Amino acid sequence: MTTLPVRLIDPRGQRFGAGLSAVTLVGAVALGSVPLVAAVALALGVSAAFGMRAFVFGRPWPTVRRLLGLGPPADMEAELGPRFAQALGATALALGVGLLVAGAGPVGWLPVVAVVALQGLLAATGYCLGCRLYGLHWLLPDLFDRFVLRRRTDVSTG
């Protein structure tokens, strides 16, 4: 297995960004704004592909942390799980946008509401379902590692 340097992130910043994106998606649902949902999907997709530094909803966190006088986090976390979770969120939002553009009506909002719920859960409690799924190392996380992170996940014996 090829190892990559893993960037560590402040989990509070991830929670902050999740809360901000959830609030944005709630606004999109309330306004019926498909372009706003698409913009959030794009933001999640970009950070999944390029790392948490590219997560626009998390960018205000260092300023908020400084203004609140908060010190460094007690524990840092690897960004791989959050990136995978954001890839799942971007996929669900893209599905919702596709359904809405195709005229699916209220059914199209279901994936969007699911992402709102999971982002809200992360923001409120720190529990990230996508991060937990990544930790299981089943098929999708392995594909994410291989194609997005360009990391080989097969282990050869011999």
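The values are calculated or read from the model by the stated rules, or taken from the named source; none is laboratory data. Keep in mind the model is a prediction, meaning the values are calculated, not measured. So basically every Cβ, Gly included, is an ideal-geometry build from the backbone, and we count neighbours across all protein chains shown.
Quick check: anything in the range 57-71 touching a Phe, Trp or Tyr at 6+ places or on another chain (Cβ under 6 Å) and of a type outside the set (Phe, Trp, Tyr)? Within the range 57-71, none of the residues are touching a Phe, Trp or Tyr at 6+ places or on another chain (Cβ under 6 Å) and of a type outside the set (Phe, Trp, Tyr).
Of all residues in the range 2-14, those satisfying the criterion of being under 19 Å from VAL46 (Cβ atoms) and either modelled with pLDDT of 95 or more or part of a helix (DSSP H, G or I) (or both) are GLY13, GLN14. Applying a threshold of 6 Å to beta carbon distances and a minimum spacing of six or more residues, or different chains, the list of pairs starting in the range 65-82 at a residue that is more than 19 Å from GLY130 (Cβ to Cβ) and ending at one that is in a helix (DSSP H, G or I) and of a type outside the set (A, V, I, L, M, F, W, C) reads PRO73/ARG12.
Look at PHE16 and say whether it is surrounded by 15 or more Cβ atoms within 10 Å (Cβ to Cβ) and touching a Phe, Trp or Tyr at 6+ places or on another chain (Cβ under 6 Å). Against the criterion (surrounded by 15 or more Cβ atoms within 10 Å (Cβ to Cβ) and touching a Phe, Trp or Tyr at 6+ places or on another chain (Cβ under 6 Å)), PHE16 qualifies. Go through the residues of the range 63-78 one by one and say whether even a single one is within 18 Å of ALA22 (Cα to Cα) and more than 12 Å from the chain's Cα centre (by Cα). Checking the range 63-78: at least one residue is within 18 Å of ALA22 (Cα to Cα) and more than 12 Å from the chain's Cα centre (by Cα).
Assessment of the range 125-137 against the conditions (in contact (Cβ under 8 Å) with a residue 12 or more places away in the chain, exposed (fewer than 15 other Cβ atoms within 10 Å of the Cβ), within 16 Å of LEU20 (Cα to Cα) and small (Gly, Ala, Ser)) yields at least one matching residue.
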